[in-house]
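The structure appears right after this line, and notes come after that.
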Amino acid sequence: MSIHFAHPILRRFQWVALIVAACVIVAMGWQGIRVQEALLSSNDAVQEHLETITLIQEFRSTLLDLETGERGYVVTGQPSYLLPYQQARAQLADKREQLGQTPAFTSADNGQSIEDFDALVARRVEIAEANIAVRESDGLEAAALRLLVAGGKQTMDQLRNHLGMWERMERGHLNAQTQEATRQARTSRWIWGAGAAFVTLLLIITSVSIISQWHHRQRTMSMQQTFISTVSHELRTPLTVILGTLNMLHNGIGGALDKDLVRLIAVANDNGKRLKLLIDDILDIEKLESGQLAFKWQSVPLKSLVEEAVDINQPYAESFAISLVLAPQLSTPPGVNDALGETLENSDCVEVDPERFAQVMANLISNACKHSPQGAQVVVGMRRIDNRWLEVSVTDNGNGIPWSFQPRVFERFAQADGSDKRRTGGTGLGLAITKALVEEMRGTIGFHSVPHEGSCFWVRLPKDKKHE
């Protein structure tokens with residue numbers, strides 16, 4: 001599979017992997033919430049069963065205290081045995097009420113059993129009261145005889161059976177809830193473990209894919225830069241020789257030439273110069289992107305830099321029959337309303353590389369000249385925006401930039417008219433290089449253009465305050 005097709009597939013795989021990982025994480029979170037809710041519910045149920053078992057045991061202990069107090073008094077006749085009996089008798093109602101509030105006693109399935117239990121409790125209390133009364137009135141012998149035949153032991157055995165049955169039921173529910181909670185926790189651990197492993201695997205695969213793709217892109221860029229640099233240098237050397245030879249022929253070094261031959265040499269020389277400009281632009285953009293373009297920083301008055309750029313580019317403007325005009329007074333670009341603008345002074349300095357700034361101005365002025373009709377004016381203006389920023393503008397009265405092309409003005413190899421019949425030449429790299437140079441000099445660049453009404457490109461640079 002070729003790299004051209006592999007890259008879109010890799011990108012789709014990476015997106016799918018990330019989406020799947022996100023879905024798994026969301027599902028794990030949802031599962032975690034469900035397990036947490038289930039564990040909380042199970043914990044509440046366990047707590048209820050434990051409380052019910054505790055109440056059953058307390059009720060059994062209270063019945064035992066009641067029986068012990070009754071028998072002790074009947075056997076010994078000591079009033080001290082009546083104290084635990086009376087305390088147990090007083091607690092029975094409260095304990096029964098507490099039991100009645102538990103889920104085990106409120107269940108409809110236990111209705112008949114609870115009625116039987118309440119009847120047994122009432123009967124056991126009645127037997128105990130009667131035994132104590134007989135001991136007080138008829139003495140030990142009669143009370144002992146009644147104790148044997150009244151059925152108190154049998155009633156207590158039945159009560160213990162009821163309480164034991166409910167306690168076993170509660171312990172069974174408690175065990176089931178505990179096992180369910182354990183199972184849910186184990187399942188949750190497996191799900192989280194598997195989910196985490198799956199997400200980790202996806203992220204590892206995606207990361208490896210991204211890193212591999214990045215390395216491949218770096219290698220490709222390195223190869224591309226090496227190729228461009230090598231080819232450009234290899235082209236520049238023979239091209240310089242060719243241009244030198246053509247120039248010598250054009251100047252008559254090889255003898256007089258007829259008009260047709262002179263015209264052909266001039267055409268070849270012009271095209272050679274265009275090719276040299278293309279190579280220079282490619283080298284500049286490659287150096288800018290790789291950070292290898294050297295800058296010689298100097299603090300220079302912006303006004304002098306602009307005046308020098310206008311003087312240097314006058315011959316180029318004249319070759320297009322364009323009048324290149326400098327507006328040193330306050331100049332506000334079209335479409336810009338800035339009441340704070342002031343005329344530029346000689347003391348207004350910027351920290352730039354003068355050569356690179358001259359390259360910026362040459363690109364902007366050449367673009368304005370190439371896109372202006374013969375006899376038109378190109379105006380270079382300058383102003384102080386505020387205490388921080390200084391601005392230079394280049395305004396033409398050409399056809400302007402189409403609305404559809406304006407977002408792509410500073411892109412590499414971008415041209416509003418890409419046909420082979422363009423009136424003006426160009427590589428489409430000039431404005432891209434200009435923007436990169438301006439930003440490298442800590443400035444900003446922009447433009448205002450209306451189709452068929454001309455264009456204005458402006459460059460804003462931070463004012464160097466060291467000389468204030």
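The values are calculated or read from the model by the stated rules, or taken from the named source; none is laboratory data. From a predicted model like this one, the values you see are computed outputs, not experimental measurements. All Cβ positions, even for glycine, are placed from backbone atoms using ideal geometry, and neighbour counts span all protein chains on display. Note: accessible area is taken over every heavy atom of the protein model, side chains too, but ligands, DNA and RNA are not part of it. Shrake-Rupley method; radii C 1.70, N 1.55, O 1.52, S 1.80 Å.
Structure notes:
- Rounded to 10°, Cα long-axis angle of helix 354-370 versus longest principal axis of the chain: 70 degrees
- Matching label, percent of Cα pairs over 38 Å apart computed from the structure shown, candidates (i) 61; (ii) 22; (iii) 35: (i)
- Whole-Å distance, taken between Cα centres, linking region 55-129 and region 178-209: 53 Å
- Kirkwood Rh in Å, taken over region 148-296 so that all alpha-carbon pairs contribute: 25.0 Å
- Surface share of carbon and sulfur [accessible, 1.4 angstrom probe, percent] for the chain: 57 percent
- Helix 430-440 axis, angle to the chain major axis (alpha carbon atoms, nearest 10°): 60 degrees
- The chain: relative contact order in percent, alpha carbon pairs under 8 Å with at least 6 residues between: 12 percent
- All Cα pairs of region 345-415, percent lying beyond 20 Å: 44 percent
- Rounded to the nearest 10 degrees, the inclination of helix 3-76 to the longest alpha-carbon principal axis of the chain is 20 degrees.
- Per residue accessible area in Å² of the chain, where ligands, DNA and RNA are left out and the probe is 1.4 Å: 58 Å²
- Rounded to 0.05, the FRET efficiency of the R236 and I204 pair, given R0 = 45 Å and the Cβ-Cβ distance, is 0.45.
- MRE, 222 nm, helices only [DSSP H, n ≥ 4, -39500 (n - 2.57), over the chain, to nearest 500]: -24000 deg cm²/dmol
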